[in-house]
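J.: Quick one: the structure is below, questions incoming.
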Amino acid sequence: MSEMMKAWVVEKLGTQPVMKEIEKPKAGPGEVLVKMAGAGLCHTDLSIVDLGIEVNPYLGHEFVLGHENAGYIAELGEGVEGVEVGEAVVVICTHFCNECDYCESGNDNYCHCVTEICRGININGGMAE
């Protein structure tokens with residue numbers, strides 16, 4: 001039987017989120033699972049709830065809000081190196097290329113290859129346990 005956790009779930013765009021029990025995710029290859037310590041509520045979250053802005057691929061599907069997240073690593077996926085269970089982390093909602101001059105110089109916020117895979121917008125977010 002799968003383990004469950006509590007989360008703030010938008011069941012349909014434009015509706016108020018509800019607290020419900022959902023299946024706890026597992027860390028896949030190259031991923032970590034974060035035990036949430038805090039998740040910010042920002043204007044984007046409110047726009048999703050109040051205005052029903054479109055957030056693909058969850059159009060018409062349930063999803064967990066929260067893209068401003070921090071917590072502690074709870075589980076390491078296969079192949080993850082350089083971090084350990086219990087380490088404090090901040091979740092950045094975009095993915096950088098880690099190859100361009102900006103990324104290599106530590107200025108990934110200027111990366112031109114950034115992809116917006118945003119937790120709580122494009123994929124399940126951190127307003128959960």
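The values are calculated or read from the model by the stated rules, or taken from the named source; none is laboratory data. Keep in mind it's a predicted model, so treat the numbers as computed, not measured. Heads up, the Cβs are rebuilt from the backbone with ideal geometry, glycines too, and the neighbour counts pull from every protein chain shown. What goes into the accessible areas is simple: the full protein's heavy atoms, side chains included, and nothing from ligands, DNA or RNA. Shrake-Rupley method; radii C 1.70, N 1.55, O 1.52, S 1.80 Å.
J.: For Glu75, which of the numbered conditions (1) open to solvent by 70 Å² or more (accessible area, probe 1.4 Å); (2) part of a strand (DSSP E or B) fails to hold?
T.: (1)
J.: Looking only at residues in the range 53-69 that are closer than 19 Å to Met19 by Cβ, assigned to a loop (DSSP other than H, G, I, E, B) and modelled with pLDDT of 60 or more, which one is most open to solvent (accessible area, probe 1.4 Å)?
T.: That would be His61.
J.: So, of the residues in the range 90-115 that are open to solvent by 100 Å² or more (accessible area, probe 1.4 Å) and within 15 Å of the chain's Cα centre (by Cα), which turns out to be nearest to Ala74 (Cα to Cα)?
T.: Val90
J.: Is it the case, given these coordinates, that Thr15 is in contact (Cβ under 8 Å) with a residue 24 or more places away in the chain, in a helix (DSSP H, G or I) and open to solvent by 40 Å² or more (accessible area, probe 1.4 Å)?
T.: no
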